[in-house]
2 protein chains.
Amino acid sequence: MTDTAPRPTLEAVAARAGVSRATVSRVVNGGDGVRDILAERVRKAVEELGYVPNQAARSLVTRRHDAIAVVVAEPETRVFADPFFALQLRGISKELTAHDNQLVLLLTEGRDDHTRVGRYLAGGHVDGALVFSLHLDDPLPELIQRAGVPTVFGGRPGWSGDRRGVVYVDSDNRGGARAAVRHLAGLGRTRIAHITGALDQTSAVDRLDGYRDVMADADPRLIAEADFTPAGGERAMRELLGRCPDLDAVFAANDLTASGALRVLREAGRRVPDDVAVIGFDDMLPVAEQTDPPLTTVRQDIEEMGRLMARLLLRGLDRGTPQEGVGDTPAGVVLPTTLVRRASA
Amino acid sequence: MTDTAPRPTLEAVAARAGVSRATVSRVVNGGDGVRDILAERVRKAVEELGYVPNQAARSLVTRRHDAIAVVVAEPETRVFADPFFALQLRGISKELTAHDNQLVLLLTEGRDDHTRVGRYLAGGHVDGALVFSLHLDDPLPELIQRAGVPTVFGGRPGWSGDRRGVVYVDSDNRGGARAAVRHLAGLGRTRIAHITGALDQTSAVDRLDGYRDVMADADPRLIAEADFTPAGGERAMRELLGRCPDLDAVFAANDLTASGALRVLREAGRRVPDDVAVIGFDDMLPVAEQTDPPLTTVRQDIEEMGRLMARLLLRGLDRGTPQEGVGDTPAGVVLPTTLVRRASA
DNA sequence: GCAGACGGTGAGAGCGCTCTCGCGCCCACG
DNA sequence: CGTGGGCGCGAGAGCGCTCTCACCGTCTGC
């Protein structure tokens with residue numbers, strides 16, 4: 001309504017409770033070493049006045065902010081088009097909330113923004129950062145590393161620089177891919193194709209590697225490059241069909257790509273899974289469940305990834321040795337993936 | 001690497017530039033009333049030392065934070081499952097960034113969280129809030145309103161309380177629905193059904209109202225209630241088909257619902273759009289473009305909605321009269337929707 | 001019965017910044 | 001040459017909090 005009723009200060013609470021500022025402060029921050037009688041009086045005063053600590057004043061002296069930044073690079077791309085991001089955020093948010101930390105969201109748009117983000121992080125406004133950067137050539141990770149902010153990366157950073165002390169959380173893309181391809185092989189398929197994701201992203205590279213792990217001596221023409229989009233999937237599928245009409249299975253780098261491939265297969269009159277078995281990746285529900293037939297795919301626990309990232313960061317912050325993968329703290333944590341069987345394979 | 005190199009303070013910059021703290025402060029904050037010679041010297045010192053103002057110290061005295069909260073209620077629901085949210089955020093982020101504001105993201109999980117959010121907002125940690133709350137009975141809006149934080153709502157808040165001074169941005173759900181139904185009518189369809197969204201959300205209610213605007217005296221059996229999900233769409237479609245086998249068009253409350261309906265229609269052997277024309281709502285790309293046939297739908301400019309919300313809030317903040325729809329500031333801004341014609345109608 | 005220890009409390013400094021105030025300088029004007 | 005008015009700048013207070021330190025009272029041990 002009107003402008004900001006003057007918020008009560010520590011001083012006010014102290015006066016009301018008949019104690020000193022210091023004592024109120026102690027109570028507010030856990031209350032060790034204060035007699036119950038006093039503590040109770042203070043709590044009552046806090047309650048009555050509706051006292052809320054001024055975070056700015058607190059940060060000024062503690063140099064802690066109880067806030068961490070979540071940096072999402074280039075929302076142009078698919079990150080933003082699928083629920084991935086939202087789920088990840090949700091996991092992060094839950095974990096941060098549980099530890100009374102705030103989430104400051106930084107979305108970057110193009111290169112210029114990198115310096116902005118870098119400055120912000122270097123500015124010490126937050127205690128740490130969670131960074132999502134998908135592209136191999138992204139300067140952001142290095143920039144952030146240099147800013148000296150404790151950081152945990154989402155997804156293995158494809159980053160040519162010094163890797164020491166880089167902490168990241170990733171899905172087991174390679175293992176998941178292996179499981180998918182093995183499943184196809186187990187179905188008796190022998191001409192198993194792969195449609196890759198955008199190969200400037202580590203997840204795509206890892207999935208391709210997983211495919212190769214199993215199909216070591218496969219016909220290289222069974223691999224077609226795409227970009228994680230349905231349109232890319234269509235294109236690649238057409239290519240594959242032209243090149244290897246005898247293929248009997250496709251492992252697509254993600255569900256979107258798979259949905260494109262599915263469409264092309266249907267057009268071409270190939271029955272799924274009878275003629276061609278198809279597996280995707282991500283278990284992106286609105287897609288995987290809506291395809292025809294419903295998609296067999298590799299699920300990753302996105303939300304858990306987010307939680308874990310936050311947990312790792314906060315734990316590091318506590319220890320005072322944030323990002324260094326010293327001793328027992330692993331530098332990279334890889335979450336398992338599971339195959340979800342639906343109808344397409 | 002090591003812990004936090006001690007960041008330079010105003011004092012340090014002042015010393016280096018041979019001026020007083022006050023002068024440095026002036027230069028850093030716009031630099032009026034400082035001779036160019038001095039200003040230049042200060043800027044040089046800032047540069048050399050890599051000075052970044054301590055936001056906490058600044059906020060402590062200015063009582064501004066240059067940060068606004070984005071509150072998203074109940075990420076359980078569909079909000080989180082579609083790209084809506086991400087796009088909205090992106091719009092908000094762009095606008096905030098342009099005005100050097102930070103985005104603090106607050107996701108709520110269930111009721112208990114409401115008090116947490118309320119306390120946070122009341123705590124004066126942010127200058128304002130953008131709130132997304134979909135449900136009619138959500139206590140959050142009222143809570144926030146009481147907290148006295150300048151707020152702009154995303155979507156018309158379905159809120160029984162005092163409406164004075166509530167600022168919101170919404171899509172023209174009703175108008176969009178009307179356009180969709182009129183389009184169907186224009187196609188010569190006469191038995192036009194409607195599958196509603198979750199009717200505890202204003203957007204669903206408004207879309208239903210839009211349908212009714214055009215189909216004032218339609219058979220009430222042509223309306224089936226669903227919940228914005230594909231499964232709900234399937235269920236409702238089956239219902240409708242049973243109840244009114246002669247229907248020749250369906251306007252679904254959103255694309256997800258439409259995709260479910262489409263599937264049931266196909267199963268039932270109805271050709272789309274020949275036998276039954278279908279229109280969705282949202283223009284949610286991964287869905288609308290992937291359906292078979294591609295979905296005709298009503299597009300809303302989600303990102304612009306976000307931008308607009310942020311712009312409205314910041315403008316209000318500037319004026320010092322944030323939420324009151326005083327005089328020229330409208331209380332609700334409704335963004336136009338447009339019909340996107342694809343193959344389904 | 002007294003020294004020492006110890007837990008609880010208050011006084012006060014200081015975090016880094018902004019902003020008001022007043023001083024000094026220069027210019028214009030009388 | 002004297003005076004008034006700006007303008008540019010510095011001094012200093014103070015934002016609300018934490019944290020160290022010294023103090024006080026009580027309790028223990030000899």
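Just to be sure, is B:Gly197 in a helix (DSSP H, G or I) and not β-branched (Val, Ile, Thr)? Against the criterion (in a helix (DSSP H, G or I) and not β-branched (Val, Ile, Thr)), B:Gly197 does not qualify.
Of all residues in the range B:291-301, exactly one satisfies the criterion of being within 11 Å of chain A (Cβ to nearest Cβ) and crowded, with 21+ Cβ neighbours inside 10 Å, namely B:Thr291. Could you tell me how many of the residues in the range B:10-42 are more than 6 Å from DNA strand D (Cβ to nearest atom), open to solvent by 50 Å² or more (accessible area, probe 1.4 Å) and either more than 17 Å from B:Val61 (Cβ to Cβ) or part of a helix (DSSP H, G or I) (or both)? Going through the range B:10-42 one residue at a time, the tally reaches 11. Considering only residues that are more than 14 Å from chain B (Cβ to nearest Cβ) and modelled with pLDDT under 85, look in the range A:113-135 and name the one that is least open to solvent (accessible area, probe 1.4 Å). Ranking the qualifying residues of the range A:113-135, first place goes to A:Ser133.
Scan the range A:136-144 and tell me whether some residue there is farther than 26 Å from A:Gly91 by Cα, assigned by TED's automatic domain parsing to the domain that holds A:Leu317, in contact with an Asp or Glu (Cβ under 6 Å, 6 or more places away or on another chain) and surrounded by fewer than 21 Cβ atoms within 10 Å (Cβ to Cβ). The answer is no; no qualifying residue exists. Taken over the range B:43-69, the criterion of being touching an Asp or Glu at 6+ places or on another chain (Cβ under 8 Å) and more than 15 Å from DNA strand D (Cβ to nearest atom) is satisfied by B:Asp66, B:Ala67, B:Ile68. Being hydrophobic (A, V, I, L, M, F, W, C), away from DNA strand D (no atom under 16 Å from the Cβ), surrounded by fewer than 23 Cβ atoms within 10 Å (Cβ to Cβ) and at pLDDT 80 or above is a description that does not apply to B:Val149. Of the residues making up the range A:8-32, those that are within 8 Å of DNA strand C (Cβ to nearest atom) and on the phi > 0 side of the Ramachandran plot number 1. Pairs meeting the criteria (first residue in the range B:33-52 and without any contact (Cβ under 8 Å) to a residue 40 or more places away in the chain and on the phi < 0 side of the Ramachandran plot, second residue within 12 Å of DNA strand C (Cβ to nearest atom) and among the charged types (D, E, K, R), beta carbons under 6 Å, at least 6 apart or on different chains) are B:Val34/B:Arg26. Might you let me know whether the range B:54-61 holds any residue that is within 8 Å of another protein chain (Cβ to nearest Cβ), within 12 Å of DNA strand C (Cβ to nearest atom) and modelled with pLDDT under 90? There is no residue in the range B:54-61 that is within 8 Å of another protein chain (Cβ to nearest Cβ), within 12 Å of DNA strand C (Cβ to nearest atom) and modelled with pLDDT under 90.
Taking the conditions exactly as written (at pLDDT 95 or above and closer than 20 Å to B:Phe153 by Cβ), does B:Arg270 satisfy them or not? Taking the combined requirement at face value, the residue does not satisfy it.
The values are calculated or read from the model by the stated rules, or taken from the named source; none is laboratory data. What you see is a predicted model; the values in this text were computed from it and never measured. All Cβ positions, glycine included, derive from the backbone under ideal geometry; neighbour counts span all protein chains shown. These area figures cover heavy atoms from the full protein model, side chains too; ligands, DNA and RNA do not enter into them. Shrake-Rupley method; radii C 1.70, N 1.55, O 1.52, S 1.80 Å.
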